[in-house]
Every structure is written in structure tokens, then in C-alpha cells.
1. Could you work out, residue by residue across B:179-190, how many beta carbons of other chains sit within 10 Å of that residue's beta carbon, and then give the average as an integer?
2. Calculated FRET efficiency, B:SER45 and A:TYR206, Cβ-Cβ r, R0 41 Å, to nearest 0.05?
3. When the dipole is taken about the Cα centre of segment B:102-249, and only Lys, Arg (+1) and Asp, Glu (-1) are charged at their Cβ, what size is it in debye, to the nearest 20?
4. Pull up all non-local amide H partners of A:LEU619: gap of 5 or more, or a different chain, and H-to-H distance under 5 Å with H placed in the peptide plane.
5. Express the accessible area of segment B:54-258 per residue in Å², computed with a 1.4 Å probe while the remaining protein chains stay in the model.
6. Where Lys and Arg each count +1 and Asp and Glu each count -1, what net charge lies around A:ILE419 among other residues with Cβ under 11 Å from its Cβ?
7. May I ask you to derive the FRET efficiency for A:GLN473 and A:ALA538 from their Cβ-Cβ distance with R0 = 22 Å, giving the value to the nearest 0.05?
8. Give me, ordered by chain and number, the residues 5 or more places off A:TRP559 or on other chains with an amide H under 5 Å from its own placed amide H.
Amino acid sequence: MNRELSIFLLAFFSISLPSLNIFAEGSAVFQPPFIVASQPTVVSVLSGNVAGVTFTVTVAAPSLSTGQMPAPSCAQSSPVHWQVTSELSGDQSFMKVTVHLTQSLQLCDANSSQTNCCLQPLCVVESVQVTACLGGAVVAVLLVQAEIFALSSSNMVISGNATVIPNQVYQPLGSCPCNLTAGACDIRCCCDQECNSNLKLLFSSYCYAGVFGGNVTPVFDQLCSAQNASTAPDWFPFLCVQSSLDNSPFLGLFYQGAVVNITQTPSFRVSLLPGPVTPNGYKQGDPVVTAGGQYFTIPQQSVSGPCLMNAPVAYLQNFNATCVSLFVSCDANPSLCIQSSSLNLILANGQGGTVTITPMERLVTDLTGFVSNPSSVTLLNPAQQPLPSVASLSCKNVSLSMDYTFFWNGTYLENVTVIHTLATVCVNLTAPSPIWLTRMFSAAFLKGNPVALPKSGNPGYQIGKPVIAGNLQSGTGKINRTTLNLWEPVGNGLCSNAKTTAVLFRKDSITGCLLQLSQQNFTNCTYLRDSVQNTLSALVPATLIAKMGNSDSTNLTQWLNITSLPSNVTVAPADDLPGSCSAVPSHLNIHIFIADTGAVEGAIQQEIINVETGFTPVLWQLQCGGASIATCVNDTILQTFPVSSSVTFIKIDTISLFPKTRFQINYTAYDCERNNVCWPQLAYPLTRFYTGESYSMSLAKGMILTFFFIAAAVLGSPWCKIRQAWNNSTF
Amino acid sequence: MAIYEVYSHPALLRYKTSICTKATLFLLIVLGLTYIPPLLVTYKSQGFWIKLSTYEEQPVVKFQYQILMIATTSINGDYVAWSTFQNLNNLLGDSLRIPSVSVMEVDKNQDGKYDEMTFKLQLPLQSTEQVYSVNLILGFSYSLFRMSTFVMQSMAYIQHSSPLPGSLLYVNGDLKLQQRQPLNHRGLDTRYNVSVINGSSPFASAYDLTNIIGNYQERNVSTVLSWPSPLWMTGRAANSPFVISAVIRYPVEIITYPFQNFFNLFVCMLYATCCYVLFKSLAK
């Protein structure tokens, strides 16, 4: 800034040039002969006969009387701060002359005794005469008019300490916001105290006025001219202020000196991920780690359904994953063709040791359930090796499922096995639609004897666990365990290929399947009824039901008999018209009555107290109205009829065994759920119903109110009069 | 010189007039001006009649085990459907596909009212079928007791369609009360205690979704399933069913009802009078 300032100054200053003497003595001449210098170095060129030329530097002052510069001479004068160096050109026709200031341009410190420094900001103001001499005779003269300012920037002490913000009550901080440079004049900043009057003259008509100059007068709301019609408040224009902007409500406001610490974190960050740690004892949910310190991974479903191939496995957390992927070549998707030999990974067992996975291979004979379109693939017999090389077929060993079993004990793994299901599949490459392959992955953590039948709770049933049923073994008195079943329809939902699934505790369910019947089936309704009933009865292959989730299979008292409700519908043969059968028991109802029977460590235990099964009779009729009259004539036309079974869990409230009377139902004075002005909420703020404040707080406030009430009563008129009467009567 | 009171007596001035005079008129005007302008000014400034009030209640919601499910199984528009209504199942013919449904209603805070329901429907599909869209209607009974006893049968409607064949539709939302008019403050209200779907009707029009939803939306008080966007999972494994998994919560509702200004005023005045009479007689 300072150099720019100097040039600026020189442009403004009117410099009285000394009259120049042209020396004709020599044949050399300076080009340029006169230089105005604002920098410590100036360069001129001496041209002509320059061989053997020497230079003399004098600081010259014009004569006070004549204003003329003194005559140049080759005699050495007193030492000066200037130094001349010269450089002869190659052909010796000219010489480059450099005049350099040897004095330091640093501004002197106030209390130091340095001499090689500037006492004032305007450091050097002098005329320097450089005389070129040849054999003691003056050949040429260069006049340098120097006005050089001290360097203001480099002598500032840069301190790492934060600026101390003074108390704003006494010392305004923002008095001159444009004063950016400490110890130097900032151009156009007229409030800068470092600018002397000479400098201010230069830019006095260009002063910063607004924010940077410190003259801030924002428009305030109350000003009549500040409001426009759309956003004006409703008191406008009756109560606005006519004033100049200088008379502002912001006058007297000052910055309190509070400093805001910037605590904003970066918007986008990549956090450092901790790698897997080889554990010293696994806990539930810890990732299982390989001996190499990596996560042990099994493909699992995530995000929106598809499988992630490198998903870590958590300790003691079982899962089943089905992964659907396009059937492509092994090169395109190597994970389809995993070899069993590559599955024997070594895992950290949690005790500092290792455990090796034991792979077991299994070959499947049926691709149903694995391939979307079984007709376009061929399963090869394992003995059929080598693979046939038919052009339209592409054969490969495909890895279909991996079922991991982790045998654990406490905090460590004892053994890990994997059942690897493989098939040699040949795909018809000319198949019209792409073939989707379903692969299954599972992990199961087992402890102890894996063949023991799992419990469904201890002691009460857990929600979502299978309901345990059983049959009494004649002779031994032992109970064979089984489950209550429901249909699990697959494919087109026909009963012929429906599977069954276990009844789960507390899950009310309804499932069913479809029977295909023709007109011939309706000829013998009794047979139809019996066969349907037998089909449904097969879902309940038990006579006993376990009361609790851990019922002992040798203790008959922990089991209940299943009650079969008789169907009380009497069927008259006359009801059975051609093409229809009445009262077909097509719906099996299983009612399971449950009750809360105590708690273990705060967890409510539920047990089964009764099971009833029954059938709902339905009229089945061939639909041959409208255009489908053939159905009632032709035996080969099949119609579907639904057969269903449902499970309902009915909770018996053990507390109020007797049903509520009409009075109890209608009289809601004490039932705050049904009545907004019930008696228990008479003193609502003091009851537990009130949740607006903490109970202790509301109690304290209530007591304060009571105190005031009693005080008012004691000091009020009846007590006053009583006290007066008392006083009068005693004294 | 000091002044002292010698004697004092109260003076009573009586100004009398007959009824039909200017003085009577003036008196009436003054009397009117004393009471009416403050009333008008107060009323026009803010108003002082409460017109609508609210109360908070968790409804007693019970799943009615009424289900109507329609799933599109090809891009050509083939569909399978199932309902808990026998008449509709008979109408469906070959499109009938019985799913496996399991339902559990949970009372989380043990206050005697169910707080949420988990619903799972597994629809078996053939290998050539894929599910592209689902319509599902679930029937609930919905009761409120705190002010008026309000009983209705309502529904939750779930619909989603996607160009991608799905494996799972996951819905997790609230069964919210939708009030178009305030409820009564007392009494029994069974206007809408009718089934959303008339299951006893053998006619196809009773199961037309436009009729069901149209009739339901006619109701001034209804429920709506408020849910964020459903999750539509793709990648159904071979031979595995299409699954609709829903969690429907029964939240506490803010119910509006017309505030009974006169009833309240009347009750307050009655109580005040009774108390006054009682204390007066006790004092005597």
C-alpha cells in the first residue's frame, strides 16, 4: 500500500524541478537525466563514450538564493546513503547505471536507539546528483529526486494473541471500521487516526461514509417513511414517527463484547471407521471376526430387498436370507459358483483361539424353490460327469444355499459347520425369459444338545412361539410332542399342494386352500362332508395342549385336553339339492383361551387355559347360473371351493371373572376413561392423573394455595369478628 | 379562628316522576348505555363465546377381522383376490386365492386399550405370477366414550402399485380420526356403526371399491390410515409368497366438540344458587 501511496503522492505533489544544465564537456549522456524516485532503486542508462567513466554521488540542495542546483563536480563529498553500480554493455556503447539507497526503510521503534531506520513515515526526501567523471572531468549528470516512504507493513509485530475487546460501555469498538491496518493510514478511511492531514487531503472527498466508515444509520420501523403499504402494521400511519435518520432508536446501542465461538462442524464428513476388533469374549450382537481380523460375512437381505454380499454376522443373532439374482455365468457373478473347499474359513473363537468352519456338501435333486422357471433349466445327475457340451445348454455347479450352524458356549464359539447345498444346473440359453435364481443363507446359533425340542417360553408362552400340542403315548404315559397346524398355501393355493405351518402364540390367523370339485363330487354329500372334515381335522393331530411354554412331556398335569365342539347342525338329506351340499364343515375354528398367570421378574407370563376346536358349516353349491350351465352337467369341469382354518386367541381377564352388570357399564361416575367429570379427578391437579407438572411440584403449589386460603380466612371478616368478640368478652 | 363541627346529619333528596316522562326515558337510556356499550366493545374486540372445544382420548379400536385384498399379478391386469366375506369369495371364482393371514393386537401400556396391531398377509403365487399392485381394506370398530359415546365401524385402506414386481409391502402408520364436523358432547352416536363393506350382499356392486370408498368418504367422521410412503421390496424368491406386513397404531386423538355455553352457564348458576341457599340456611 505504501508504494502505491507514494506514487499517488507524487502525482499530486507539485515538484519544482531544478533547471537542468546540459553538460557538453563529454560525449556521454544519461537517459533519462532526471528521475523522480519513490523506490530505493532507480536505473538510468549512460550512453556515448562510456569507457573508463567513474561516478560520484552527492546529496544536493538547490541554492536558497537562486534556486539553482550546485554545479556538478567530481570531488568526493561526505558519505551518502546512496550507492552507484554500473554495468557495461557488451559492445561498450552504453552503461546501465543503478542508484540504490543503502539506508533501511524500516520505521524506527519509539524507544529503540537504532540509527539505520526512518524517523518519520516519509523517510527520505532529497535530491541526489550522480556525476559521471572521466579523468576528473564531468561527463554527464543524473539528478534523482527521491521521496521514499518507510515500509509500514513489515515492522508490525504480529502477535498470536487474540485482540482484547475493550468494555464497550466506555470504548466503542466500531468507531472506525475501515481502520484495517494498525499503525498505518488506510486510504479513504477518514476516521483513521493514523492518517495525518497531508494524507487526508489526498482523499478527503472520497471518504467511506456507510458501514465501513462507521456511520451506520439503519432505517427503523417506527419511521413514517419506512413502511410500505403491504407490510405496514395496523397502527400505521397513526402512530409513526417523522424524524431524520440521525435521530435513531439505535443511538446508544453498543456491542456488548460477546464473542461467538464457531462450533459448526463440517457439513460433509467422512468419519473414521473403526475396524473389526478381535474380541476377548463375544457378547450378543458383537460381529463375528475371522482369524485374520476381518468381519466374517454371509450374504443378507438389506436396503430394499436385494442381498448385500459382504454383510457381517452378529453373535447370537439368527437370520434367514433369500437372495434373488439373475442366473449368469460364473465369470459374471463368481458368488454363484462358490466351492465348498473355500468355505473352511478360520474364525476367532472369542478366547484368543481359532475355530475352523467345517463345510458339508449336499446335492439337491429338485430345483423347485430355487429357480423361477424350472422348465428352462435341467438338473444334472451328479454321476453324469463330465458335463455335456451342448451348445444350447450352459452347465455349472451352482451354490444354492449355505446354512451355517454356530455352536456356542458362554462367550466363545465351540464349533461352526456349514451345510453347502449344490446343484449342477444346465440352463437353456435359448430360454425366452431370464432365469432368476433364489439362493438361501442362514445362520443359527445353537447351544447344548441341538436335537432337544425347543421350548416356547419359560415358563409362560412367548409371543410368536409355536403352540405345543401332544398325544399321550399309550403305555409309557409319555407325551409325544407335535404342533397345531394351519394351511400354508403355495402356488395356486390348491389344497393338494398346500403345506402346513405351526400355530404361533398370540397370532390370530386365518389361512385356507382351495378344493377343486366337479359335479360328481356333489352326488354323495355325506362323503364330501366327511372327507372335508377329515382333511381339516388333520390340522389338529393332537388331543393335548401344553399349558405353558416349558410343559414337561412326562407330567400330564401340565397339559390340557383339546375340546372338540360338536357341530350341532343336523343335516336333513332333503337339504342336499343336486349340485349343492349343505352344512359342509369347511371352516375349522380353533379357539385358544389364554390368561395372565403371574409374572417372572416383571415379565407377565401367559398360559393356555383351554382349547376348543369346532367347524363352521357352509352351503356349497356349484355356480352354474348365467353362462356356465355346463358346470352342473359336465363332470370334467372343476370349480374351486375354499377350505379354511382360523386360530383365535381369547384372553380371559382373571381379575373380573363375572361379567359387568348393566349398572356397572352405564354408571361411569368413577370411570375416568369414559367420563370427563369423574369423581377421582375432583381435585385433578393434586391427583396422579395430572401430568402437567411433577407431583411434588403440584403438591407444593397446592399447599401454598391452601396456606393463602387459610390465612385469608383467618384474617377475613368472620374470624376477625369472632376474635374481637372473644377479646371483648375476656377483657 | 378555628372551625369546628357543631352538628351533622345526612340529607336524602328524592326526585320523583311518573312512568311516562322524559326523566324515565333518560333513566332508561342511561341504564342501557351503562351495560350495552361495554358488552358490544368486549364482544367486538375478541368475542367471549367459546364455540368449539377439544378433548383428548385414546379410542377403543378393535380389528374386526374384515379383510378385502386384491392383488394384480401381471402387467396385463390379471388379479387374485380374497376377502373374509363369503359372498365375495363365491363371486371371485377362479381369481380366489386364499392367503395366510395373522393378526396380533397389542396393549403396550396395559391400560386396557389396544395400542397397535401387527398384520401379516402371505399371498401364495404361482411361478408365473408377480405382484404389481395391491389394494387392501381392513375393517375396524372404533369407539370413543369420554364425552359422547361414539361408535363406528371404520376402515384402513392400503393401496400401492409399482412397475417392479414386489416381494413385500411394508406399511407402518397411524389410524387417525378424520372429523369433518364436531362430535356431540353427550349422548350416544351410532350413525356410522354400520359395516364399511356390506358382506351380506350377494351383489357385485357391494364390493366395488369405488362404491366402498365413495360411501365411506361420505361420512363426516371416519378414520384414515396416515402413513409415510410404503416400502415396496423387490426380489421375491421362487415359490415364496408375496407378503403384506403392516403395523397400524391407534394413537390418542384430539376430538373437537361444540362447547355448550348455555349449558355451562346454567350449571354454574344452578350450583352458585344452591351453594348460596345452603350456606345462608346454615348461617341462620
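The values are calculated or read from the model by the stated rules, or taken from the named source; none is laboratory data. Because the structure is a prediction, the values reported are computed rather than measured. Every residue, glycine among them, receives a Cβ derived from its backbone with ideal geometry; neighbour counts consider all protein chains shown. Remember, those area values only see protein heavy atoms, side chains included, never the ligands or the DNA or RNA. Shrake-Rupley method; radii C 1.70, N 1.55, O 1.52, S 1.80 Å.
1. 0
2. Efficiency at R0 = 41 Å is approximately 0.10.
3. The dipole magnitude comes to about 280 debye.
4. Close amide H contacts, sequence-distant or interchain: A:ALA583, A:VAL584.
5. Here the per-residue accessible area is 41 Å².
6. -1
7. 0.65
8. Residues meeting the criterion, in which the H sits 1.01 Å from N, are A:LYS547.
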